[in-house]
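Asker: Handing you a structure now.
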Amino acid sequence: ISLYGSFYEAHAMKIIITKNYEEMSERAAEIMLGVVKQNPKAVLGLATGTTPLGLYAKMIADHKENGTDYSQIRTVNLDEYKGLPKTHEQSYAYFMKKNLFDGLGIIPEQTNIENGAARDAEAECARYDALLEELPRDIQLLGLGSNGHIAFNEPGTPFGSGTHVVELAESTVKDNARLFKDISEVPQKAFTMGIRQIMQAKKILILASGESKSDAVYKMVKGEITEKVPASVLLLHPDCILIADESATRKLKANQSRQDSFVGRVVCDKKDTITV
Ligand code: F6R
């Protein structure tokens, strides 16, 4: 934690609770579009997975309707399966092209992601580390793993980590199996941006939807900042927004009314927005 210098104390994490997935995506789109409109040369840190699909669809719809300009935007992705080339349909590079970049007219030269097919994994991590130094992100979008991971930083990953290769947790392989024909096809390893580098983004936007994320949301927000819950590090970031839907905040809300130490740390800002 000493790595963060002046970010020693826990800053406020803004939490927006929405009715459902649709509204979560809508609020997330407002924030992303705000960044893009304020700085047409912004660097966007992006995520894959199911959670951001609604947001990406809204960004594409806005681009078509309002012509929001992405021609000078650059993107940096969090992670990529090790062993999959960018042309593989299950690769994250392919996912981004299909679900966002093509719809926004973003060309490959504007985008960055780890090369899953790299022969020399160490060299690939060093390349990505150097690239991240050169491209400070204006915003980093994150999904939340049901075990509290962010990117593929699984529980136990040091907060000071840079880009590295991870052995995916069994629960993550299971969670991701729905996107593959068979669980045996899910890669067991991935490249991931480190926690230190996630924390370097100017602004962080983390999204959570559904009951399966309720426990992770609770552990992240409850305030025990520990490497056992990678997402809990976000409490140390000076500008982090969590947008979570009702079902993802069920456990959080259930515990809000109890007279435990957690209650004192939750302040109602305005309707459905709480600051921890
Ligand atoms: C994806 C990523 C992962 C996911 C997380 C949640 O690039 O880094 O951390 O954000 O596993 O996944 P979904 O959104 O599929 O529930």
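Asker: Once both labels are modelled 7 Å past Cα along the beta-carbon direction, what's the Glu185-Ala254 spacing in nm?
Answerer: That separation, rounded to one decimal, is 3.6 nm.
Asker: Please figure out what share of the DSSP beta bridges in the chain is antiparallel and state it in percent, rounded to the nearest 5.
Answerer: Values: 14 of 37 bridges.
Counting DSSP beta bridges with both partners in the chain, the antiparallel share is about 40 percent.
Asker: Give me, ordered by chain and number, the residues 5 or more places off Gly45 or on other chains with an amide H under 5 Å from its own placed amide H.
Answerer: Val76, Asp138, Ile139, Gln140, Leu141
Asker: Give me the percent of the accessible area of segment 1-157 that comes from carbon and sulfur atoms, probe 1.4 Å, all protein chains in place.
Answerer: 52
Asker: Can you compute the radius of gyration and Dmax for the chain, using only the Cα atoms, both in Å?
Answerer: When restricted to Cα atoms, the chain yields Rg and Dmax of 17.9, 54 Å.
Asker: State which entries of Lys58/Lys222; Lys97/Lys181; Lys86/Lys213 exceed 24 angstrom in Cα-Cα distance in the structure shown.
Answerer: On the way: Lys58/Lys222 31 Å; Lys97/Lys181 21 Å; Lys86/Lys213 29 Å.
From Lys58/Lys222; Lys97/Lys181; Lys86/Lys213, over 24 Å: Lys58/Lys222; Lys86/Lys213.
Asker: Can you put Thr75, Thr226 in order of accessible area, largest first, using a 1.4 Å probe?
Answerer: Details: Thr75 0, Thr226 30 Å².
Ranked from most to least accessible, the order is Thr226, Thr75.
Asker: Tell me the relative contact order for the chain as a rounded percent, counting alpha carbon contacts under 8 Å between residues six or more apart. Provide the component values of the computation, followed by the final result.
Answerer: Numbers: 551 pairs, mean separation 72.2, N = 276.
Once divided by the residue count of the chain, the mean separation gives 26 percent.
Asker: Go through Pro238, Thr111, Thr51 and say which Cα lies farthest out towards the positive end of the charge dipole of the chain; charges sit on Cβ, +1 for Lys and Arg, -1 for Asp and Glu.
Answerer: Towards the positive end, the residue furthest out is Pro238.
Asker: Springs between alpha-carbon pairs under 10 angstrom, Gaussian network model over the chain: which of Leu242, Leu84, Leu44 fluctuates most?
Answerer: Checking each option, the largest mean-square fluctuation is seen for Leu84.
Asker: Send over a whole-number figure in Å² for the accessible area per residue of the chain, probe 1.4 Å. The partial results should precede the final answer.
Answerer: On the way: 12530 Å² over 276 residues.
For the chain, the solvent-accessible area averages 45 Å² per residue.
Asker: Kindly state, to the nearest 0.05, the FRET efficiency for Asp69 paired with Glu134, given R0 = 22 Å and r defined as their beta-carbon distance. All intermediate terms of the calculation are to be shown ahead of the outcome.
Answerer: On the way: r = 23 Å, r/R0 = 1.03.
Efficiency, from the Cβ-Cβ distance: 0.45.
Asker: Among Asp79, Asp129, Asp175, whose mean-square fluctuation peaks in a Gaussian network model of the chain (Cα, cutoff 10 Å)?
Answerer: Judging by the Gaussian network model, the answer is Asp175.
Asker: Considering all alpha-carbon pairs of segment 45-99, what whole percent are spaced by more than 15 angstrom? Write down the numbers at each step before the final one.
Answerer: Working: 809 of 1485 pairs.
Percent of Cα pairs beyond 15 Å in segment 45-99: 54.
Asker: OK, next. Over all directions, average the projected area of the Cα convex hull of segment 131-239 and note it in nm². All intermediate terms of the calculation are to be shown ahead of the outcome.
Answerer: Working: hull surface 27.9 nm².
Dividing the Cα hull surface by four gives the mean projection, 7.0 nm².
Asker: Once you have the Cα-Cα distance between Ala12 and Asn39, take 0.36 nm times their residue separation minus that, and quote the gain in nm to one decimal. List each step's numbers first, then the result.
Answerer: Working: separation 27, 0.36 × 27 = 9.72 nm, distance 2.46 nm.
Extending this stretch completely gives an extra 7.3 nm.
Asker: Extending each Cα 7 Å along its Cβ direction at Glu109 and Gln90, get the distance between those two points in nm, one decimal.
Answerer: Result for the modelled spin labels: 3.3 nm.
Asker: Taking trypsin sites (Lys or Arg not before Pro) that fall in a DSSP loop and have at most 15 other Cβ atoms within 10 Å as cut points, what is the longest piece of the chain between them? Present the calculation step by step, with values, prior to reporting the outcome.
Answerer: Details: sites that count: Lys19, Lys41, Arg119, Lys181, Lys228, Arg258, Lys271.
No qualifying site falls inside 42-118, the longest such stretch.
Asker: Moving on. Can you compute the modelled spin-label distance between Ser212 and Glu170, with each label point 7 Å from Cα toward Cβ, in nm?
Answerer: A separation of 1.7 nm, rounded to one decimal place.
Asker: Over the heavy atoms of Val229, what accessible area does a 1.4 Å probe trace out, to the nearest 10 Å²?
Answerer: 20
Asker: Would you kindly calculate the translational diffusion coefficient of segment 1-140, applying Stokes-Einstein with the Kirkwood radius from alpha carbon pairs, for 10 °C and a viscosity of 1.306 mPa s, and quote it in µm² s⁻¹ without decimals?
Answerer: On the way: Rh = 16.5 Å.
Answer from the Stokes-Einstein relation: 96 µm²/s.
Asker: Taking the chain as a Gaussian network, where each spring joins two C-alpha atoms under 10 Å apart, which residue of Ile204, Ile183, Ile16 fluctuates the most?
Answerer: Ile183
Asker: Also, quick follow-up: Mind putting a number on the dipole of segment 97-236 about its Cα centre? Charges go on the C-beta only, +1 for Lys and Arg and -1 for Asp and Glu, and I need it in Debye to the nearest 20.
Answerer: On the way: 16 positive and 20 negative charges, 83 e Å.
The dipole of segment 97-236 has a size of about 400 debye.
The values are calculated or read from the model by the stated rules, or taken from the named source; none is laboratory data. Since the model is a prediction, treat every value here as computed from it, not as a measurement. Every residue, glycine as well, gets a Cβ built from its backbone with ideal geometry; the counts of neighbours run over all protein chains shown. The protein model used for the area step is the full one, side chains on, heavy atoms only, and it has no ligands, DNA or RNA in it. Shrake-Rupley method; radii C 1.70, N 1.55, O 1.52, S 1.80 Å.
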